[in-house]
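Have a look at the structure below before the remarks.
Only the coordinates and a few stated rules stand behind these numbers; no lab work does. In this text, all values refer to a predicted model and were calculated from it rather than measured experimentally. A quick note on method: Cβ atoms are made from the backbone with ideal geometry, for glycine too, and the neighbour counts reach across all protein chains shown.
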Amino acid sequence: METDDVSVREQLFHNRVRETIICVLLFTCLYMVSYLILTHFKKTAEFVTDDIEDATVNKIALWLCTFTLSVAVCAVLLLPISILSNEVLLTFPHSYYMQWLNGSLIHGLWNLVFLFSNLSLVFLMPFAYFFTESEGFAGSKKGVMARVYEAVVLLLLLALLVLGIVWVASALLHDNIARKSLYDLWEYYLPYLYSGISLFGVLLLLLCTPFGLSRMFSVTGSLLVKPRVSHILIEQAFVCRVLPTVSTMHNNFLFFLVLPIEMRRKASPWQRNLGYPLAMLMLLALTVMCVLMVCFNVLELLLDETAMPRGMEDPHLGMASFSMFGSLGAAVQVVLILYLMVSSVVGFYSSPLFTGLLPRAQDTNLTQMIANCVSLLILSSALPVFSRTLGITRFDLLGDFGRYNWLGNFYIVFLYNMLFAGLTSASLIKTVTWAVQRELIRAFGLHRLPLTVSRSTVPFRLLLASGLSKIQ
């Protein structure tokens, strides 16, 4: 009997060591990738200075930003890894080489991401900002430690302020929870704070994702070679040839104008004729698929209580597929989740409120870098809840992700789905309408009008009337 107990304990120990090694390797790879990304955007002048103290402070802040960005990337990969792991175990149920892939590993990964995301949002990123802006208390000895002391004091004051605000909010909404939180901070108070942060992230995704889905068409179109050259680009090329003696500023301006022509000249016939249409059709198909899945989820919410997002303790991987279409449906779910994340980032940086945060290569200061890491972490940590709430996947939330207070409210979840479907449909219709209107303007020669006549001054009904008259 003792031998069996020892063997079970050994097996549990080896499993825990194996899971720890896998998580460390995964996080190390993500950390290196995040560091390469941040070093591409950082302002080199802030790290190569004569002041050793400033250079050291900036390096420490960069390491903290790298940690936060790696946690954000891991949060984005949570659902794809979980869904694909389940499909792999379904495909190879008795494979010896897949024994390391189990529910305990996935559950531990979810818990680590939840812990590190909240640690970065509440402590590391505020500390990095205070650390870079601090100079030490008046009268104290200058140095890195003096900045650490000032940053820690400011962080404690900020924590007390935030906790006080959240306690007042909980007292106004839930009086019993507010009373208990004074005696049990970890069990009642901090989950309430995490629930508020997640709700803010999900609301931010609700605003950014529909706008990003419409912006994806123009962003993707700017990166690809279009099937035909417009008259404006031909005129720009002619101007560049006949005006070789313009100033440097005009040369740079004309270079960016003629860049699409150079791309077209170097592109293959397949890229010129098939790349752009296929990309636009794929984006349209993914967007329509997202809207249809959300509409289907709305119907399920009205008819079936199991459609509500909820948490689970044991994922039971390898038992059944999380899609009714099997492995193909699971692959589509992974693609849609990643597509929604990319669209939310595009919508975030395209919105007027956050356009100034857009990082620039070799010209992004530390304060802007910290703000970008915080924004990306808020979006990515809310992505699992966002995807499950919209019904993109049936994989229930693991660990503390499924313990948010507002997830069990039917009215919040139902209204959220309706708003997303409505905003996305309106953005998609608006984008398609503008594209048709632009093509009609080019077809009828209205683009040759003076610059003072904008598109908004030409009614869409006038374009249709002009087209019908020409047909007749």
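Label separation (residue 289 vs residue 41): 2.8 nm, computed from points 7 Å beyond Cα along the C-beta direction. 3J(HN,Hα) along region 74-80, derived from phi through the Karplus expression 6.51 cos²θ - 1.76 cosθ + 1.60 where θ = phi - 60°, amounts to 5, 5, 5, 8, 4, 5, x Hz, with x in place of Gly and Pro.
If R0 is taken as 25 Å, the Cβ-Cβ distance between residue 12 and residue 96 corresponds to a FRET efficiency of 0.80. How large is ³J(HN,Hα), in whole Hz, for each residue of region 115-132 in order, when computed from phi with the Karplus curve 6.51 cos²θ - 1.76 cosθ + 1.60 and θ = phi - 60°, using x for Gly and Pro? Values per residue, Gly and Pro as x: 5, 5, 5, 5, 4, 5, 5, 8, 10, 5, 5, x, 5, 4, 5, 5, 5, 6 Hz.
When peptides 274-283, 193-202, 98-107 are sorted by average Cβ neighbour count within 10 Å, with the highest value leading, the order is 193-202, 98-107, 274-283.
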